[in-house]
1. Please list, ordered by first then second residue, the pairs with beta carbon atoms under 6 Å, 6 or more apart or interchain, first in the range 284-300 and without any contact (Cβ under 8 Å) to a residue 12 or more places away in the chain, second of a type in the set (A, V, I, L, M) and open to solvent by less than 10 Å² (accessible area, probe 1.4 Å).
2. Can you name the residue in the range 282-298 that is at pLDDT 95 or above and charged (D, E, K, R) and, of all such residues, is farthest from Leu135 (Cα to Cα)?
3. Out of everything in the range 357-385 that is more than 21 Å from the chain's Cα centre (by Cα) and charged (D, E, K, R), what residue ends up being surrounded by the most Cβ atoms within 10 Å (Cβ to Cβ)?
4. Suppose we filter Ser74, Ser176 for residues that are in a helix (DSSP H, G or I), small (Gly, Ala, Ser) and modelled with pLDDT of 95 or more; which single one remains?
5. Restricting to the range 127-173, count the residues that are assigned to a helix (DSSP H, G or I) and either in contact with a Pro (Cβ under 6 Å, 6 or more places away or on another chain) or among the polar types (S, T, N, Q) (or both).
6. Identify the single condition in (1) assigned to a helix (DSSP H, G or I); (2) at pLDDT 95 or above that Gln202 does not satisfy, given that it satisfies every other one.
7. Conditions: (1) at pLDDT 55 or above; (2) among the polar types (S, T, N, Q); (3) open to solvent by less than 10 Å² (accessible area, probe 1.4 Å). Gln171 meets all but one. Number of the miss?
8. Being surrounded by 20 or more Cβ atoms within 10 Å (Cβ to Cβ), in contact (Cβ under 8 Å) with a residue 60 or more places away in the chain and over 16 Å from Asp168 (Cβ atoms) is the filter here; which residues of the range 221-246 pass it?
Amino acid sequence: MMYYCPVVLLAIAIAISAVDAKTILCGGVNYTHTIGWKGNHESCVYQTMDDARTAMANYLWKNIMPYDIPRAISLGFDPSVATPPSSNVGTDIAAAEKLESMQSSSRLLKKSLQTQPCVDGLSDGILNQTLYYSLLAKSMYPWADVIPKDIYMEYVVPFAIANEPRTDYRQLVFESLRESLKTWERPSIYQSQIFEEDDIHQTIKEVVKLINTRLWSILGRPNKPIVFQAGLTPRIYDPLSVIAYGHSSCTGLAVLLISALRSVGIAARLAGTPAWYGDDEKGNHSWVEVYVPGEDGGKWIFLEPSPGIAEGDEDTANADDLDRNPCKRWFCKSDRFNGSTHVFATLYTRSEPSVFYPMAWGVGDKGVIGLDRSEYYNSLCGACP
């Protein structure tokens, strides 16, 4: 259920008529009960937590990746009461067959959970933790209010980025970063406010740089931050493996940074090329794209993880950020982007997929939906010396 607040709408109309380039931070009556989504014409649309949680769960199930269908119950889904997944099931015959049996067996699971709420933790699986922290971040951090609902669903809520092992990282990462983000944390009772658009957009950029600076030491061992080590995808690739080993290659580091940003309500996705110059022997690379709201639907800006920054070195480390000149990054050069290098970004929504995200570590794997970003990067980086 969604509803509009007339008093809030009146206040917004008055404020906007007086000043341009403003944006609404919706907040809520109490973020343990409701959350606000930015609607049309700078209005706020409020939704109960229960309704928001149900909508998120249905979205994740409807667009579930084929790898996750056989273990959907273990992840926390109940297929017997959800809308069937999208057409991606057809890409995996074994998964489709498993789904049919799951929709029957899950009814028994649901009945057993009613009498035994904690059967091997199934009632509190990865799905439940993902939904809880997606809603908590939406409620606690003001930048989440300027992210459109469809973008938040696509690039914050999902527990998966690509075909990495599914692990329950959200609570660990959220709580690890919370102290660093105390400045922006808002109280549980928070009313709608009008802010300068540039201020909140700059806040997103500031938070992204702070996380890219501190993440590696916060989640690393004492005096030993997480560092880069080549050739580890897909062995050390998911967030918890990267944290446990303390190192990973570009893809694992990108996945960890994306996971951290999503954990605190910032929309982020994996981007990269499966082969420089279209030649597998030239190697591949992965990086991160972050959504910054704005006019014309906002924009996606890329950056690289900056691992290896030790505690105490943050001020001099100069971690990568969203304001950096793209040409300053080692790979954003005209010799690499001469039209022969193809770049893709990940998607979660699976309606009528036509592009797949090609993974150098999973040649031929069509389980991840993609977005072709080649034109953008060849235009942007192709102009760099």
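1. Lys299/Val292
2. This residue is Lys282.
3. So, considering only residues that are more than 21 Å from the chain's Cα centre (by Cα) and charged (D, E, K, R), the one surrounded by the most Cβ atoms within 10 Å (Cβ to Cβ) is Asp365.
4. Ser176
5. The qualifying residues number 7.
6. Unmet condition: (2).
7. (3)
8. Correct list: Pro225, Ile226, Thr233.
The values are calculated or read from the model by the stated rules, or taken from the named source; none is laboratory data. This structure is a prediction, so every number in the text was calculated from the model and none was measured. Neighbour counts are summed over all protein chains in view; Cβ atoms, including those assigned to glycine, are modelled from backbone coordinates with ideal geometry. Accessible surface areas use protein heavy atoms only, side chains included; no ligands, DNA or RNA. Shrake-Rupley method; radii C 1.70, N 1.55, O 1.52, S 1.80 Å.
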